[in-house]
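Report on one structure; see the data block that follows.
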Amino acid sequence: MSSIDHSKRSFLARSAALSGVLFLGGISPLALAKNSDKKAFKISKLLSFQSIPHSTRDAVTIAEGYSAEVLISWGDGLFADSAKFHSDGSNTAADQQRQFGDSNDGMSLFEINNDRLLLVVNHESPNAQYLHKHGGELVTSGEDTLKSQASVGISVVELQRSQQGWRVNTASKYNRRLTANTPMSISGPAKGHAQLVTKEDASGSVVKGTFANCSNGQTPWGTYLTCEENFDDMFGYSSQAGDKITDEMALYGVAEKSQYGWEKFDSRFDLAKNPNEFNRFGWVVEIDPFDPTSTPIKRTALGRFKHENAAVQLAKNGKMVVYMGDDERGEFIYKFVSDERYKEGDDRHNRQLLDHGTLYVAVFDGGKKPHTGSGKWLPLVFGQNGLTPKNGFHSQADICIHTRKAARIVGGTDMDRPEWVAVNPKTGQVFCTLTNNNKRGSDKLPVNAANPREKNLYGQIIRWREQGDDHTALSFSWDMFLIAGNPNLYPPSDPRHGSSNITKALSFNSPDGLAFDRDGRIWFETDGKYSNTGDYLGQGNNQMFVGDPETGEIRRFMTGPKSCELTGICWTPDDKTMLVNVQHPGEAGDSTFPNNSPRPRSSVMMIRKNDGGTIGS
Ligand code: FEO
Ligand code: CA
Ligand code: CA
């Protein structure tokens with residue numbers, strides 16, 4: 001049996017749980033707390049470890065009974081001949097090309113066999129101050145630019161089981177780096193569109209690279225989905241004369257100068273010279289990790305926006321559904337439904353599923369009780385709901401390229417920065433982290449039922465149940481799993497206190513990473529403010545919680561080192577090892593993580609239970 005078959009089996013085992021367990025409906029929505037000392041939830045049977053306090057230490061801390069160790073860090077070699085990591089930033093672009101990338105974010109594991117796994121990891125962005133020897137934020141040469149471009153993208157790394165846990169195998173034939181310069185193809189409705197044609201590519205169907213790879217998804221046919229998020233950070237104008245940011249570009253937030261300065265040394269990123277290159281990013285890209293020679297494919301049917309992750313779900317009728325968030329203030333939640341059904345074992349058929357289907361945007365209407373309501377999915381289909389030539393749409397391809405504009409015209413609900421979406425395998429309920437939105441309540445972004453707080457600094461986790469528990473349904477009911485806040489500062493009557501499952505000891509801001517384990521525990525990570533003062537008093541460094549979706553109880557499981565984000569979650573097939581990413585430790589210049597490193601390094605953490613048991617049990 002091929003290795004791909006193994007990975008399919010584990011995906012199906014997780015999905016299959018759905019059919020055997022009834023939805024635990026009737027959970028009462030969490031109101032804002034009436035009394036912060038009184039727990040409004042039943043005690044969870046799912047959670048067995050003791051919650052840990054918040055932390056301001058420059059270290060990973062984890063619940064008692066567990067251990068966390070570094071599996072791999074930025075700059076570690078992926079191949080037998082990779083250069084060693086130099087802690088003074090002196091590694092070259094060629095070195096970085098064969099080393100583990102920077103800012104590891106979303107990731108998945110694929111099973112080769114019982115003792116071998118493929119870890120596929122996104123590298124979101126360069127930590128320029130540590131990447132370059134000169135310590136500056138901007139590239140200063142062509143070599144700097146190539147190094148920066150080699151630090152992002154994706155790593156494929158084989159892991160082997162050992163007595164001490166999983167270890168990287170640098171001799172594996174599967175190991176691979178995909179960067180901002182790796183050739184990729186474009187498929188789906190926008191392939192070949194005039195707005196995807198550039199000087200380098202008259203076909204509008206071949207593009208170099210992927211970057212801003214935030215979170216991810218995993219298909220049942222054994223492929224990995226990487227999501228291009230803040231791609232605008234890489235584009236800018238090398239000169240000011242006569243340059244202009246078009247309305248279409250402005251919708252994706254681009255500024256005149258890029259964040260890293262690539263446009264000065266690589267004209268591909270100069271909007272004055274290559275404006276269409278900008279349209280070739282902001283996609284979900286499908287990668288076959290089992291074939292190191294395969295060309296990744298940008299799937300345009302899934303729309304172009306700042307993709308956070310891609311939660312892939314097999315619907316009861318066999319169609320593939322992909323839930324997706326667009327992480328920007330006032331942007332939307334989407335789902336894609338394939339036209340055709342998944343056929344187990346038919347890779348040729350399944351690998352076309354994400355090219356043909358319907359993209360929908362979510363509408364959240366308010367209900368009688370606060371923080372509840374109903375919702376619907378509006379199709380983004382050419383010729384319907386105002387997506388017509390009158391509004392600038394001449395084809396489905398136009399909708400795929402200008403998805404934000406289309407979603408606004410049809411009337412999607414603007415949200416407080418949708419981050420990860422995840423489906424509870426026990427109930428089919430869909431959850432999405434809405435990380436924060438300090439502009440909510442302004443004239444352009446009035447509060448709405450699902451985004452109810454002005455100047456929302458803390459965020460919320462919304463959830464919905466599709467009509468008939470059918471992921472292809474066009475309507476749903478929703479409520480909140482939690483509303484984050486700070487009970488250290490605000491009384492229960494203040495919306496900034498948060499919902500009843502938030503206490504002084506369990507206060508945090510900006511939920512982001514989100515996943516369910518096989519038993520139905522909800523795991524979420526924060527990417528928020530870590531000052532531990534002012535609005536954020538008592539919240540400490542970024543951290544990871546586990547919750548019981550039925551009772552609403554949450555516990556703090558892990559805290560990160562200084563000025564990092566915790567992100568990325570996956571489990572080995574036996575559920576005895578969990579991987580979590582420490583991303584950009586010391587972005588504020590205050591960390592030596594890991595191991596007193598002169599330059600802090602983003603790292604994958606390997607977490608195990610000391611008694612060898614299932615994580616979370
Ligand atoms: Fe890359 Fe929205 O986080
Ligand atoms: Ca994120
Ligand atoms: Ca975030």
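The values are calculated or read from the model by the stated rules, or taken from the named source; none is laboratory data. Because the structure is predicted, anything quoted here is derived from the model rather than measured. Here the Cβ positions follow ideal geometry from the backbone for every residue, glycine too, while neighbour counts run over all protein chains shown.
Quick check: anything in region 134-141 within 16 Å of ligand 1 (Cβ to nearest atom), closer than 19 Å to Phe211 by Cβ and either of a type in the set (Val, Ile, Thr) or crowded, with 20+ Cβ neighbours inside 10 Å (or both)? The answer is no; no qualifying residue exists. Scanning region 312-344 for residues that are in a strand (DSSP E or B), within 14 Å of ligand 1 (Cβ to nearest atom) and either among the hydroxyl-bearing types (Ser, Thr, Tyr) or buried (at least 21 other Cβ atoms within 10 Å of the Cβ) (or both) yields a total of 5. Scan region 509-538 for residues that are surrounded by fewer than 21 Cβ atoms within 10 Å (Cβ to Cβ) and farther than 29 Å from Asn424 by Cα and the total you get is 7. Being within 16 Å of ligand 3 (Cβ to nearest atom), under 30 Å from Asp76 (Cα atoms) and touching a Cys at 6+ places or on another chain (Cβ under 7 Å) is a property that holds for Asn216. Restricting attention to region 55-70 and to residues that are part of a loop (DSSP other than H, G, I, E, B) and in contact with a Phe, Trp or Tyr (Cβ under 9 Å, 6 or more places away or on another chain), the residue that is surrounded by the fewest Cβ atoms within 10 Å (Cβ to Cβ) turns out to be Glu64. Among the residues of region 560-593, those that are assigned to a loop (DSSP other than H, G, I, E, B) and on the phi > 0 side of the Ramachandran plot comprise Ser563, Asp575, His584, Gly586, Gly589. Taking the criterion of being in a strand (DSSP E or B) and within 16 Å of ligand 3 (Cβ to nearest atom), the residues of region 400-430 that qualify are Met415, Asp416, Pro418, Glu419, Trp420, Val421, Ala422. When Glu263 is tested against (1) touching a residue at least 40 places away in the same chain (Cβ under 8 Å); (2) buried (at least 23 other Cβ atoms within 10 Å of the Cβ), exactly one condition is not met: (1). Of the residues making up region 159-204, those that are buried (at least 17 other Cβ atoms within 10 Å of the Cβ) and either modelled with pLDDT under 95 or hydroxyl-bearing (Ser, Thr, Tyr) (or both) are Ser172, Tyr174, Thr179, Thr182, Ser187, Thr198.
Restricting region 93-112 to residues that are outside any strand (DSSP E or B) and touching a Ser or Thr at 6+ places or on another chain (Cβ under 6 Å), which is nearest to ligand 2 (Cβ to nearest atom)? Taking the candidates together, the pick is Ser103.
Is it fair to say Thr572 is buried (at least 20 other Cβ atoms within 10 Å of the Cβ), in contact (Cβ under 8 Å) with a residue 12 or more places away in the chain and either away from ligand 3 (no atom under 16 Å from the Cβ) or within 26 Å of Gln164 (Cα to Cα) (or both)? Talk me through it step by step, then tell me what you get.
Numbers: buried (at least 20 other Cβ atoms within 10 Å of the Cβ): yes; in contact (Cβ under 8 Å) with a residue 12 or more places away in the chain: yes; either away from ligand 3 (no atom under 16 Å from the Cβ) or within 26 Å of Gln164 (Cα to Cα) (or both): yes.
Yes.
The listed residues are Asn230, Asn213, and the only one of them that is under 19 Å from Thr403 (Cα atoms), surrounded by fewer than 22 Cβ atoms within 10 Å (Cβ to Cβ) and within 16 Å of ligand 2 (Cβ to nearest atom) turns out to be Asn230. When Gln460, Gln429 are screened for being surrounded by 23 or more Cβ atoms within 10 Å (Cβ to Cβ), within 16 Å of ligand 1 (Cβ to nearest atom), under 22 Å from the mean Cα position of the chain (by Cα) and modelled with pLDDT of 95 or more, only Gln460 passes. For region 14-29, indicate whether the set of residues that are surrounded by 20 or more Cβ atoms within 10 Å (Cβ to Cβ) and modelled with pLDDT under 90 is non-empty. The answer is yes, given that some residue of region 14-29 is surrounded by 20 or more Cβ atoms within 10 Å (Cβ to Cβ) and modelled with pLDDT under 90. Taking the condition of a type in the set (A, V, I, L, M), touching a residue at least 24 places away in the same chain (Cβ under 8 Å) and not in a strand (DSSP E or B), does Ala515 pass? So Ala515 does not fit the description; no. Listed by first and then second residue, the pairs linking a residue in region 526-540 that is at positive phi and modelled with pLDDT of 95 or more to a residue that is among the β-branched types (Val, Ile, Thr) and away from ligand 2 (no atom under 15 Å from the Cβ), with Cβ atoms under 8 Å apart and 6 or more places separating them unless they lie on different chains, are Asn532/Thr56; Gly540/Thr56; Gly540/Thr559. The numbered conditions (1) surrounded by 23 or more Cβ atoms within 10 Å (Cβ to Cβ); (2) of a type in the set (Phe, Trp, Tyr); (3) in a loop (DSSP other than H, G, I, E, B) are all true for Tyr490 except (1).
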